[in-house]
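Trainee: The structure under discussion is supplied below as structure tokens; questions concerning it will follow.
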Amino acid sequence: MITYLANPERFLRFARVAKPIFGVVALLSFVYGLWLSLIGSPPDYQQGHGVRMMYVHVPAAWCAMMAYTALTIASFVSFVWRHPLADIAARSFAVPGLAFTFLCLITGSLWGKPTWNTWWQWDGRMTSVLILFFIYLAYLSVGSLVSDKKKSARLASILAMVGFINIPIIKFSVEWWNSLHQPATISNFGAPGLPPEMLWPLLTMVLAYSTFFGWASMSAIQNQILSERTARAKRQTGAKITVDTL
Amino acid sequence: MQIDIIKRDLLLATRSKGDWVMGVIFFAVFLALAVIALGNDSALLRQIAPAIVWLAFLMSALLSFGQIFTQDYEDGTLAQILIFQQSPLKIVSAKFIAYIITALMPLWFAIPLAGLMFNLTIDVIAGLMLSVLIGLPAIAAYGIFASALTVVKGASGVLIVLICAPFLMPVLIFGISAVDIYTVEGLWSAPYKALFGLSLIACATALPAASASIKTGFE
Amino acid sequence: MSAYLTFNNISVSRGHTLLFEGLSLTLSSGDVLWIQGTNGVGKTTLLYLSTGLARPDTGALTWYKDNMPVEASEVVSFQGHQDALKPQLTAFEDLSFWADLCEYSGDLEPVFHQIGLQSRKDVLTGKLSAGQKRRLSLARLLISQKPVWIMDEPSAVMDTAGRDLIDHLIHEHVSHGGCAIIASHSPARKLGVSPRLLTLNAESPSP
């Protein structure tokens, strides 16, 4: 799949079909998910209606981490094999990733106010998501560091790989620091986790977020390929080389 | 060859007297400003002294990150060294050691002075010095990394801070909690182990990343 | 005659600008290759390629020692347009650092004599004139003991005696089995066994 799509031509052909599908699925599941989470699901016995924030917050957090993981994988491929499409892909994951992280921080803060009576708490998970936010920012600014795009992309990919250390920290932070933040409810399927009437809206929203992520990054990759193609077409012929014996 | 670079950097540091002194002066000024801002409540000052001193140390270090590679890059020395010995990791590790000796150690030796300013007990000063010492490789490694990543652009202070800050936040968090716990549990407590782990991870990831950045900078 | 460096169908671009393509060339002992062209046409890039620091977009460079492919650092020595000197060190201290780095075990006195700086060796390099700094960076080529000399505008700030010195050193080096690649605006001179002139000619003048 990945090697098949590694060719820009094939990717463009794939994106022409897949992008609308992703877009439609994102839109439909978002509308349905919003309806489910706002109206179609019961309030929590502890948190009341505040629990509805979960349906926007948790998928944002997941997608922020997923986007960073994808970013790291693409960066690794671009660094090791110098594949130009991996460069483009990595850059295209960064902006949606930054947006998800920002959304996660904002909704988390809005959720925290009614439930914990504080906008912000310096616990492990929140701090590490904030760190993720800064890493995204640093990645984007290194990505436009020098005018030579290839060089900037390569430098940014190095930063992305070093920054990946933060992802497992976010994942395990709730277990390492016992604080306000509730531990993951979905991961322990054996234990009584989320009731189905809450699980469904959550999963629908996760689908909406991930298909949106797919749609957004695919459009970004598409645009980038096309603009590089026009830039290449406009490129002047190089200097003529002559070698004479003196 | 590392030893040659370290020797040269030490010689350069003794010749250009100003640079490392400036770091220590900044450290002292930062502490003085913090004390003025926080008022003269000595109980409060003693309580938050570890955080202030750690912050002052980190700020002074952040200021000096930009200079690690800039001069060698701009006068062509870095290219020459790379051409002679195409192993950027050797250069990076030499610079790492030289940077610790010339820039961070003078700051580290200034910590007891800070202890005097805050009227700290010997225990707390010892805890501070130990926690900074254990976190020091992480600070230097990420500093070298940020400096190497931005060297093609010349010294770009704000960007260096943006790159380092996410990685140094955990160091700061554990560093400060290490000082608080030193008087109770001593050196074998969790924050010290975490700091040690952070330093190990930093050396294992940031130093190779710095050498890859240096190489990329010339491509 | 053994080859030191081969260019195989090299193309290089800077951003979206193609500098040149299809460069194939072999440098062997006794060769002197002059590179000429207008500013920004890619002379320095070509030199950086030869040092192994820069990478071509396509094609491959191979460096040889005793007919075996090796790392560039084994055979290449470089004099850039920057002198890579530290103003806080004396000429002697500076050259000693480079001597340590490239494991030159010989005496540095004769080297200073060769470049005509024997009376200035205890002066801080920051106090040397531009031409004297240039001479000192020539000394780095001498102590490197590498067969391929890559030089960027070696005679830029030199007086007549300095230019003669450069020509003399290159001639000596090349006739002892080395080779040289020289980017220069001054007219190419017949040095060594087989001097060649590579001209980079931009189709349209770059802005």
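Trainee: Applying the selection to the stretch C:66-94, what residues are more than 8 Å from chain B (Cβ to nearest Cβ), more than 17 Å from the chain's Cα centre (by Cα) and not in a loop (DSSP other than H, G, I, E, B)?
Mentor: Answer for the stretch C:66-94, where residues must be more than 8 Å from chain B (Cβ to nearest Cβ), more than 17 Å from the chain's Cα centre (by Cα) and not in a loop (DSSP other than H, G, I, E, B): C:Met68, C:Pro69, C:Val70, C:Thr90, C:Ala91, C:Phe92, C:Asp94.
Trainee: Now for a different question. Is the stretch C:105-128 home to any residue that is within 14 Å of chain B (Cβ to nearest Cβ), at pLDDT below 90 and either part of a helix (DSSP H, G or I) or closer than 29 Å to B:Ile6 by Cβ (or both)?
Mentor: Yes, the stretch C:105-128 contains a residue that is within 14 Å of chain B (Cβ to nearest Cβ), at pLDDT below 90 and either part of a helix (DSSP H, G or I) or closer than 29 Å to B:Ile6 by Cβ (or both).
Trainee: On the basis of being surrounded by 15 or more Cβ atoms within 10 Å (Cβ to Cβ), part of a helix (DSSP H, G or I) and within 14 Å of chain C (Cβ to nearest Cβ), does B:Trp54 make the cut?
Mentor: Working: surrounded by 15 or more Cβ atoms within 10 Å (Cβ to Cβ): yes; part of a helix (DSSP H, G or I): yes; within 14 Å of chain C (Cβ to nearest Cβ): no.
No: the conditions fail for B:Trp54.
Trainee: Against the definition (closer than 20 Å to A:Ala156 by Cα, free of Cβ contacts under 8 Å to residues at least 60 places away in the same chain and either small (Gly, Ala, Ser) or surrounded by fewer than 20 Cβ atoms within 10 Å (Cβ to Cβ) (or both)), how does A:Ala90 come out, yes or no?
Mentor: Judged against the criteria, A:Ala90 is not a match.
Trainee: How many residues are in a loop (DSSP other than H, G, I, E, B), within 14 Å of chain C (Cβ to nearest Cβ) and surrounded by fewer than 20 Cβ atoms within 10 Å (Cβ to Cβ) if we restrict to the stretch A:189-242? Can you show your working first?
Mentor: Going residue by residue through the stretch A:189-242, those that are in a loop (DSSP other than H, G, I, E, B) are A:189-195, A:235-238.
Among the residues that remain, those that are also within 14 Å of chain C (Cβ to nearest Cβ) are: A:235-238.
With the extra rule that they be surrounded by fewer than 20 Cβ atoms within 10 Å (Cβ to Cβ), the set shrinks to A:235-237.
Residues flagged as in a loop (DSSP other than H, G, I, E, B), within 14 Å of chain C (Cβ to nearest Cβ) and surrounded by fewer than 20 Cβ atoms within 10 Å (Cβ to Cβ) within the stretch A:189-242 amount to 3.
Trainee: While we're looking at this one, here's another question. In the set B:Ala49, B:Ala79, which member is touching a Leu at 6+ places or on another chain (Cβ under 8 Å), in contact (Cβ under 8 Å) with a residue 24 or more places away in the chain and within 14 Å of chain C (Cβ to nearest Cβ)? Steps first, please.
Mentor: Values: B:Ala49 fails: within 14 Å of chain C (Cβ to nearest Cβ).
The unique qualifying residue is B:Ala79.
Trainee: Identify the residue in the stretch A:159-172 that is among the hydrophobic types (A, V, I, L, M, F, W, C) and more than 18 Å from A:Ser92 (Cβ to Cβ) and, among all such residues, is nearest to the other protein chains (Cβ to nearest Cβ). Before you say what the answer is, go through the steps one by one.
Mentor: Residues of the stretch A:159-172 among the hydrophobic types (A, V, I, L, M, F, W, C): A:159-162, A:164-165, A:167, A:169-170, A:172.
Still in the running and more than 18 Å from A:Ser92 (Cβ to Cβ): A:162, A:165, A:167, A:169-170, A:172.
Numbers: A:Val162: 5, A:Ile165: 6, A:Ile167: 12, A:Ile169: 8, A:Ile170: 12, A:Phe172: 13 Å.
Here the answer is A:Val162.
Trainee: For the stretch C:3-35, name all the residues that are within 21 Å of the chain's Cα centre (by Cα), of a type outside the set (A, V, I, L, M, F, W, C) and more than 10 Å from chain A (Cβ to nearest Cβ).
Mentor: Listed by number, the residues that qualify are C:Tyr4, C:Thr6, C:Asn8, C:Thr26, C:Ser28, C:Ser29, C:Gly30, C:Asp31.
Trainee: Okay, moving on. Tell me, yes or no, whether the stretch C:153-161 has at least one residue that is within 15 Å of the chain's Cα centre (by Cα), surrounded by fewer than 20 Cβ atoms within 10 Å (Cβ to Cβ) and in contact (Cβ under 8 Å) with a residue 24 or more places away in the chain.
Mentor: Applying the first criterion (within 15 Å of the chain's Cα centre (by Cα)) to the stretch C:153-161 yields C:153-156.
Next, from what is left, pick out any that are surrounded by fewer than 20 Cβ atoms within 10 Å (Cβ to Cβ): C:153, C:156.
Subsequent filtering for residues that are in contact (Cβ under 8 Å) with a residue 24 or more places away in the chain retains C:153, C:156.
Looking through the stretch C:153-161, at least one residue is within 15 Å of the chain's Cα centre (by Cα), surrounded by fewer than 20 Cβ atoms within 10 Å (Cβ to Cβ) and in contact (Cβ under 8 Å) with a residue 24 or more places away in the chain.
Trainee: A further question on this structure: Can you spot a residue in the stretch A:62-83 that is closer than 18 Å to A:Leu199 by Cβ, part of a helix (DSSP H, G or I) and touching a residue at least 24 places away in the same chain (Cβ under 8 Å)? Let's see the steps before the verdict.
Mentor: Here is the first cut: in the stretch A:62-83, the ones closer than 18 Å to A:Leu199 by Cβ are A:62-63.
Then drop every residue that is not part of a helix (DSSP H, G or I), which leaves A:62-63.
Add one more test, that the residue is touching a residue at least 24 places away in the same chain (Cβ under 8 Å), and what stays is A:62-63.
Checked against the condition, which is being closer than 18 Å to A:Leu199 by Cβ, part of a helix (DSSP H, G or I) and touching a residue at least 24 places away in the same chain (Cβ under 8 Å), the stretch A:62-83 yields at least one hit.
Trainee: Quick one: which of C:Ala60, C:Ala54 is touching a Phe, Trp or Tyr at 6+ places or on another chain (Cβ under 9 Å), outside any loop (DSSP other than H, G, I, E, B) and of a type in the set (A, V, I, L, M)? Walk me through it before giving the result.
Mentor: Details: C:Ala54 fails: outside any loop (DSSP other than H, G, I, E, B).
From the options C:Ala60, C:Ala54, the qualifying one is C:Ala60.
Trainee: Would it be correct to say that C:Ile181 is touching a residue at least 60 places away in the same chain (Cβ under 8 Å), in contact with a Leu (Cβ under 9 Å, 6 or more places away or on another chain) and not in a strand (DSSP E or B)? Working first, answer last.
Mentor: Working: touching a residue at least 60 places away in the same chain (Cβ under 8 Å): yes; in contact with a Leu (Cβ under 9 Å, 6 or more places away or on another chain): yes; not in a strand (DSSP E or B): no.
Here the answer is no, as C:Ile181 does not meet what is asked.
The values are calculated or read from the model by the stated rules, or taken from the named source; none is laboratory data. Just so you know, these numbers come straight off a predicted model, no measurement behind them. Heads up, the Cβs are rebuilt from the backbone with ideal geometry, glycines too, and the neighbour counts pull from every protein chain shown.
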